[in-house]
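Here, each number is a calculation from the coordinates, and none is a lab measurement. Everything numeric in this text was worked out from a predicted model, so none of it was measured. As a convention, Cβ positions derive from the backbone with ideal geometry for all residues, glycine included, and neighbour counts pool all protein chains shown.
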Amino acid sequence: MFKAVDYVRPKSIGEAHDLFVSNTNSQILGGGTYLYLSKRTIQLLIDLQETSLKYISQKDGKIRIGAMSTLSDVEESDIFKNAFNGLVKKVVSDIWSYQLRNAATVGGTVYSRLGFSEFLTLLAVLDVDVVFHNTGVISIKDFLKMPPLRDILKEIVITENDLKVSFQVFKRTHFDFPVLSLAVARCDDEFRIAVGSRPGCALLAKDTPKLLSEGCRDLKTVCDSLIREIPFADDLRASSEYRRHVCGVLFKRALSEVL
Amino acid sequence: MKITLTVNGRKENLEVEPSTTLLEALRMLGLYSVRKGCDTASCGVCTVLMDSKPILSCCSLAVQAQGHSITTVEGLEKDKDFEEIRKNLLLEGADQCGYCGPSLLLTVYSLKKRNIKSLQEIQKYLVGNLCRCTGYHSQLRAIKEFMEVGE
Amino acid sequence: MKYVKRSIKKVDGYGILSGKPAYTDDLAPRNSLIVKLLRSPYAFARVRKIDTSEARSLEGVECVLTHEDFPRIPFTRAGQGYPEPSPYDKFALDSYVRYVGDEVAVVAAKDEQTAEKALKLIEVDYEVLNPVLDFEFSEKSPPIHPEDGISGVENQQNNVCSAYEMDIGNIEEELKKCAHVVKHRVYTQAQAHVMMEPHAAFSYIDYQGRLVVVTSSQVPFHIRRILSRVLDIPLRNIRVVKPRIGGGFGGKQAVHGEIYAAAVTLKTGKPSKIIYSRKEVFESSYTRHPMRIDVTLGSDEKGVLKAIDMEILSDTGAYGEHALTTLMVAGSKNLPLYNRVNAVRFKGKVVYTNHTPAGAYRGYGAVQGNFALESAMDILASKLGLDPVKLRQLNMIREGETSPIFKIMGEGREGAEMTIKSCKLEQCVELGKRIFGWSEKFSKRPESGTKVRGVGMAIAMQGSGIAKIDMGSAILKLNDDGSFNLLVGATDLGTGSDTILAQIAAETLNVPVKKVVPYSSDTDLTPFDTGAYASSTTYVSGNAVKRAAEKMKHLIVQHGSKLFNCSEEEVVFNGEEIIGPEQRLPLSEFATKLYYSENQTQLCSTASFVGDEAPPPYMSAFCEIELDTETGKITPVRYVAVVDCGVPINPNLARVQVEGALVQGIGMALYEEVKYDSKGRLMTNSMMNYRIPSRLDIGDIEVHFVESYEPTGPYGAKSVAEIGIDTPPAAISNAVYNAVGIRLHDLPFTPEKVLKALRVKEGF
Ligand code: FES
Ligand code: FES
């Protein structure tokens, strides 16, 4: 179990940010639900619960989710009942357990780029900006490729659009991390494909969307392409080989929904 | 550090470390209904209500809980709904070792307050409440009656 | 019957659900020292040197113990009848460590953090040895137990912990004569118990200098005996108390942390407590015995079974707890199902490996054996072109019949002859078949598409306690208000046995259940009981309670006659009143008089029971699964179980026992995967990575009862605790075969394995 020496609850993001950068052994505390995964000793825990980052709002085709919103906030918000045909709500409501979703924050999930997060796989194919206090706006696409930032994630902004999205997940039991999650979004001839739980963090495919955009509709060709470009690894839930296979299956299922 | 928690409507002062879990803190206060099953957020046995929502006390910190209201079954002793779901569980024999009992009761109780009526949804919300003894079906019979849902 | 065959509420349920302090950790003194164990990081090593000086000098550390601090006394952790059939192959602490997680040293400190810190300060110089990690090669590997001074091991040099062999008839000859012979090999995994409450114990010295140990254990009397041996103190100076238990399933049928907490208390004089972390529960308590089982069946043209051969290799891990007995039960609780064969052979070996030790686990070998036998039965059925139900009906045991196996194979020794007095297996099969809609579902060939459905079935039997070994006893004490204390050594581990035993006493005395106050268990206060295992409590302890209650009734009549000054024959006790020729007295007044004014005497009855036989409960199971042919994932759809457990004393609790066991069996069949790395480290050592079924992973489960009346049981009852776990592996594997034509051999049936098998079949 991790240890912490000090704990603070700053009243503003600015204050939190200063503490975070000035203390190299500090950590931002969202819901705290994944701390048990860590074994380190942390000098300072910075709890963001009083920094007014718990909100979900919709304006001008953009949905803003404050970093301290919980996964349940997303699941229960009226905004997501309708947005993306309820897909975001559905995906989030399948994550681990109700109890966990009541505490785990959107910021915590996104910032830590949890490999097993279904949510991140879905976000990866939507038009999402990740907004940091200091660094500013980063598209999710870039964010997923960047090394960890020593900055405070404020909110994520999802642009509503008429992407056709399919989300697929394969789990061994209902109460588990996925063996694989996969999302495909389509807007006319443009495609985006993300694969998560590889078991690493969600990854966006490059070649396969191109293939699809160019009009290739041969299932075997596109599946093979995706499987080739996405790296998989072994863990306790599945071998890389099996993941590769499931990726093909889920991809086929997703395509049948968006094509 | 010194903190104040609001538990079952009472203010409680206690001395904790920043990394003390809410589970440990509540047990320090003598609230033994809060039990540890796994310490990896994987069983639900440590569930308590924070601002009326079930959370896992094994992976929440006591310090985080300041300013929120915590409820454990000790605080629901006289609550009508709580009495009813407890009774239903007893009538079905759905309390085997009972170690998971309080956590299940709290979760179901919170769903009742939210007036969730679809059985499928209820089952989904309860997926994080593992039980190794009962095989779940007796619990379901008890819960169905309590939530007033049909097949 | 007024109080049995009634689904009354559990007597302890209200308090437990209300969160009252009831479990071991709730009751431990707040100033207890925290005991932690330093555990081996290596699968096999010798401790060359161990330096505890830094740990000892850490502020807040009260004591550090190593193998040098314990007398070198061999013992077994297994809580079984004495002398145990398990070898004495373990020491409280040893200079050899034989699996990752084996105990190296004990630390006691003022709090958890200090104890953890101290663990890190202990310096151990290990000579790392080559571990034996594949049980199929164990016999050819260097010995895991080369040490002197241990006993009961079959062959230390070859790593054979136990071995057993028996035959009836001439198997080779019989098989030659058979029209059909099928051979089938299966592997089963080291399933974890995952009881929700981890192992917990605390100890202190009472004001008279006696050692008190409070522990979450299924076997308090065995704990007392083992502690007395290992700590070398007189048994009379030890008191073991069992409070409420958060589940056991066999996992608490042994000493675990008790020894170390007690040793610290003896050394320091202070209360100390040990609570296993979940990781310790997985790595260092014990598991189900993984087995490799080969079954050969032979039948005639029509499907009449003529011969059964079963050969087992079982992996007991680093120590031989329950090794011989689980091996034998794999045969003895399955082979008699088909009792009319001409020849049976059973042989097996249990070998050591450097894995987490295996031990008792609900089903106790029977589930492994059932998987092998009942899969083989289906293979035979399909060879014969026969409905699998028909094949069972043709061959299965019936009421009034017997099997020579009952006599030949007991647990660790000879068994007891038994003619089956109650067996409604035929009705179980018939009813299950009807409710499930078997005939229609079985004949319908699965449609094409990627989701295919299939149905499968299996039958099972278990036992009710261990004949001539398991003893239960009870004391009934009349109180001055006319209520009774029922003191039993039987340990309610969440099953509801306190309630059931109170119901049996109430029925016999004809008093309301609330007038019987059950208490279990405390070695100072409650009479001896071997403990809660082997499906024994209702049958064995229940019989003892019934006898004690009969005696109590007689005592009441006897003392009534004294009071009324008449003969015993003239007095009747009807539960409410004592009625004489001219007088009648309510029980409460009678009791008050008896204790305060006239013929002052405490009425107290005690009785014991040991079964001459262990009448088996039976069941049929029918299941439907859905298989995704693209991913290999199996989803349980429906499971119908029909059980003959005699007369269910409390139908609700009996049902929940079966439902719970079925789900645990479904977990074993489908989800609960055990993985070790190449160094012998258990990787699936957390609940995050060892997933047990959630409520959405089990499908619909329906449990029905066909009532029989077991004349030797209390009010016709037999046992029900284990039988439910036996069938899921076989029934599900049969359903998979019927769905897609693949035969799964290896538990659990993970999507990955299923997919592989599908591809082999398709000729990839
Ligand atoms: S103790 Fe298991 S989820 Fe908290
Ligand atoms: S009743 Fe024992 S874990 Fe649920």
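Testing the spin-label approximation: label points 7 Å from Cα along Cα→Cβ at A:THR41 and C:PHE137. State their distance in nm.
Simple spin-label model gives 4.2 nm for this pair.
Got a sec? Charge dipole of chain C, +1 on Cβ for Lys and Arg, -1 for Asp and Glu; which of C:ILE420, C:VAL740, C:LEU305 is way out at the positive end?
Of the options given, the answer is C:VAL740.
So, with +1 on the Cβ of K and R and -1 on the Cβ of D and E, and no other charges, what is the size of the charge dipole of region C:294-375 about its Cα centre, to the nearest 20 debye?
Here the size comes out at about 220 debye.
May I ask what percent, to the nearest 5, of DSSP beta bridges between residues of the protein assembly as shown are antiparallel?
80
Compute, for chain C, the length of the dipole vector about the Cα centre, with Cβ point charges of +1 (Lys, Arg) and -1 (Asp, Glu) only. Units Debye, rounded to 20.
880
Which whole-Hz ³J(HN,Hα) couplings does region C:292-302 yield from phi under the Karplus relation 6.51 cos²θ - 1.76 cosθ + 1.60, θ = phi - 60°, glycine and proline marked x?
These are the phi-based 3J(HN,Hα) values: 10, 10, 10, 10, 10, 10, x, 9, 7, 3, 8 Hz.
Short version: ³J(HN,Hα) in whole Hz for each residue of region B:21-35, in order, from phi by Karplus 6.51 cos²θ - 1.76 cosθ + 1.60 (θ = phi - 60°), x for Gly and Pro, what are they?
7, 4, 4, 4, 5, 5, 5, 4, 7, x, 8, 7, 5, 8, 10
Please pull out the direction-averaged projected area of region B:76-147, using the convex hull of its alpha-carbon atoms, in nm² to one decimal place. Mind showing how you got there, number by number?
Numbers: hull surface 16.9 nm².
Spelled out: convex hull of the Cα atoms, projected over all directions, averaged, 4.2 nm².
So what are the ³J(HN,Hα) numbers for region A:105-114, from phi and the Karplus equation (6.51, -1.76, 1.60; θ = phi - 60°), rounded to whole Hz, Gly and Pro as x?
9, 5, x, x, 5, 6, 4, 7, 6, 4
Would you mind giving the mean number of other chain beta-carbons within 10 Å of the Cβ of each residue in A:161-172, as a whole number?
On the way: counts 0, 0, 0, 0, 0, 0, 0, 0, 0, 5, 4, 11.
Averaged over the peptide's residues, the number is 2.
With both bridge residues required to lie in region C:628-719, what share of the DSSP beta bridges run antiparallel, to the nearest 5%?
Working: 2 of 8 bridges.
Counting DSSP beta bridges with both partners in region C:628-719, the antiparallel share is about 25 percent.
Provide the packing ranking of C:7-15, C:710-718, C:433-441, i.e. peptides ordered by the mean count of other C-beta atoms within 10 Å per residue, highest first.
Packing proxy ranking, top to bottom: C:710-718, C:7-15, C:433-441.
Projected onto the charge dipole of the protein assembly as shown (+1 at Lys/Arg Cβ, -1 at Asp/Glu Cβ, origin at the Cα centre), which of C:ASN354, A:THR135, A:LEU212 gives the Cα projection farthest towards the positive end?
Working it through, the farthest residue towards the positive pole turns out to be A:LEU212.
Answer with one residue from C:SER272, A:LEU259, A:GLY248: the one whose Cα lies farthest towards the positive end of the charge dipole of the protein assembly as shown, charges on Cβ with Lys, Arg +1 and Asp, Glu -1.
About the Cα centre, the residue reaching furthest to the positive side is A:LEU259.
Which shape class applies to chain C: rounded if a/c is under 1.5, otherwise prolate when a/b exceeds b/c and oblate if not, where a ≥ b ≥ c are the square roots of the Cα gyration tensor eigenvalues?
oblate
Would you look at the GNM of chain B, springs on alpha carbons closer than 10 Å, and say which of B:LYS117, B:LYS36, B:LYS80 moves the most?
The residue with the greatest mean-square fluctuation here is B:LYS80.
Express in whole angstrom the spacing between the alpha-carbon centres of region C:66-117 and region C:688-764.
36
Rounded, prolate or oblate: which one fits region C:1-75, using the alpha carbon gyration tensor with axes a ≥ b ≥ c (rounded when a/c is under 1.5, else prolate when a/b beats b/c, else oblate)?
prolate
Can you tell me the order of A:88-97, C:540-549, C:50-59 when each peptide is scored by its average per-residue count of other Cβ atoms within 10 angstrom, highest first?
Per-residue mean Cβ counts within 10 Å order the peptides as C:540-549, A:88-97, C:50-59.
For C:ASN159, enumerate residues with amide H under 5 Å from its amide H, sequence gap 5+ or separate chain, H modeled in the peptide plane.
C:ILE144
Give me the percent of DSSP beta bridges within chain C that run antiparallel, rounded to the nearest 5. Intermediate results must be reported in sequence, preceding the final value.
Details: 98 of 127 bridges.
Taking every DSSP beta bridge within chain C, about 75 percent pair in antiparallel fashion.
If you average the sequence gap of Cα pairs under 8 Å that are 6 or more apart and divide by the length of chain C, what percent do you get for the contact order?
15
Which value, in debye to the nearest 20, gives the size of the charge dipole of chain A about its Cα centre, when Lys and Arg are +1 and Asp and Glu are -1 at the Cβ?
580
What whole number of Å gives the distance from the Cα centroid of region C:522-591 to the Cα centroid of region A:7-30?
Spelled out, the Cα-based centre of one part sits 71 Å from the other.
Viscosity 1.306 mPa s, temperature 10 °C: Stokes-Einstein D of the protein assembly as shown from its Kirkwood Cα radius, in µm² per second?
The diffusion coefficient I find is 50 µm²/s.
So if we plug the beta-carbon distance of B:ASN115 and C:ARG30 into 1/(1 + (r/R0)^6) with R0 = 45 Å, what FRET efficiency do we get, rounded to 0.05?
After rounding to 0.05, the efficiency reads 0.60.
Given just the C-alpha atoms of region C:95-224, how large is their convex hull per residue in cubic angstrom?
249
Long-range amide H contacts for A:HIS174: which residues qualify at under 5 Å (H placed 1.01 Å from N, peptide plane, sequence gap of 5 or more or a different chain)?
Residues meeting the criterion, in which the H sits 1.01 Å from N, are C:SER694.
Pull up all non-local amide H partners of B:SER60: gap of 5 or more, or a different chain, and H-to-H distance under 5 Å with H placed in the peptide plane.
B:LEU22, B:LEU23
Within region A:164-258, how many Lys pairs sit with Cα atoms under 21 Å apart, leaving out pairs fewer than 8 places apart on the same chain?
Lysine pair count for region A:164-258: 9.
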